[in-house]
Amino acid sequence: MRIIMLYGKAGMVKHAIDTFRDMHLYGCKRTVKSLNATLKVLSQTHDLRAIEAFLAEVPQELVVELDAYTVNIVVKAFCEMDFLDSAFLYMVQMERLGIKPDVITYTTLISASYQKNRCEIGNGLWNLMVYKGCKPNLTTFNVRVQYLINRRLAWKANDVMRLMKKIGIEPDEVTYNLVIKGFCQAGYLEMAKRVYSSLEFHSTYKPNAKIYQTMIHYLCKGGEYNLAYTRCIDCMRKNWFPSVDTIHSLVQGLMRNGELKKAKRIMRLVRNHRPPFSSSQFDSLRSICRRSDGLKPNQFD
């Protein structure tokens, strides 16, 4: 199996398949694990006919029983090639043979359906999954939240997050970042701040770099520079730095509001960042401050 995976990493797909087919010649029994390794390599080609031909060959000539992981590899490969109908039909076919789809199978199909704006199909798969007794997990819910945010339905996404908590699935950093960003994009900055506070004080998870970036960016956009400054300091203390554009916006806002000390503190932290910002990035930030009245050229050095 290791040799098959190594061939895959090297892009030698034919060698990987031949190795699987010839395993018996070397006294090695073909197993579902070696089959799945070969399928993963073959899926890299994005060749639908090659994958289908290999799958047809397995039970008849290679005599290897498939498992749920096999189904998930194939479903994912078909979805990545935009053959969603083929992916669904394969899942149904395997279920008839006694291999039940699991939450990964359904989540992969739901995600692909949402990405292709086939929301009715995605919602139908969700209902089918629940009807079959397969419970959605954190990833499944995050796929749903992502879809709602992409459609600018922040309030519905927030309802989904509340449902997660109610049924005992704790939202993670991905969930919170999506909902926070959704409210910010929709212009509900106060709701975004409330969701952030819920994460900060009522969750086992804590804000990560992406969440800090989202909040600082939109706080600056909303003119709340003092709160953006507080979040930025928290972020930088953990060695997570917002984008240069966001820092640029924050420093500009602080300077306009006469918050020279705060702007200087941000600049000191930027200067000491490791790995350092490029000289052009740092000079760009520093030039903002130097354009303010009464500042000497070296005041931020």
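No value in this document is a laboratory result; all are computed from the given coordinates. All values reported here derive from a predicted model rather than from experimental measurement. Positions of Cβ are backbone-derived with ideal geometry, glycine not excepted, and every protein chain shown enters the neighbour counts.
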For this session: Any of LYS33/LYS100; LYS193/LYS221; LYS9/LYS40; LYS193/LYS264 with alpha carbons more than 20 Å apart? Name them for me.
Result: LYS193/LYS264
Seminar exercise, completed: Counting all Cα-Cα pairs in region 16-78, those more than 18 Å apart amount in percent to 27 percent
Seminar exercise, completed: With MET5 itself left out, Lys, Arg at +1 and Asp, Glu at -1 over residues whose Cβ is under 12 Å from its Cβ give +4
Exercise. Do the alpha carbons of any pairs in LYS166/LYS238; LYS238/LYS262; LYS76/LYS135; LYS76/LYS166; LYS165/LYS206; LYS76/LYS210 sit beyond 23 Å of each other, and which pairs?
Worked result: LYS166/LYS238; LYS76/LYS166; LYS76/LYS210
Exercise. Quick one: net charge of LYS100's neighbours, Cβ under 12 Å, K/R +1, D/E -1?
Worked result: -1
Problem set entry | Debye equation applied to the C-alpha atoms of region 33-122, log10 I(q)/I(0) at 0.17, 0.21, 0.25, 0.26 Å⁻¹ | -0.67, -1.02, -1.39, -1.48
Exercise. P(r) of region 66-171 in 5 Å steps, Cα pairs, percent per bin?
Worked result: 2, 13, 23, 25, 18, 10, 7, 1, 0
Seminar exercise, completed: Among THR230, TYR212, SER197, the residue whose Cα sits farthest towards the positive end of the charge dipole of region 193-255 (+1 at Cβ of Lys and Arg, -1 at Cβ of Asp and Glu, taken about the Cα centre) is SER197
Problem set entry | Residue-averaged [θ]222 nm for the chain, counting only DSSP H segments that reach four residues, each worth -39500 (n - 2.57) | -21500 deg cm²/dmol
For this session: Excluding residues on the same chain fewer than 8 positions from LYS261, give the aspartates and glutamates whose Cα lies under 15 Å from its Cα.
Result: ASP293, ASP301
Exercise. Bin by bin, in steps of 10 Å, what percent of the Cα pairs in the chain do you find, going until the bin that has the longest distance?
Worked result: 6, 21, 20, 19, 17, 11, 5, 1, 0
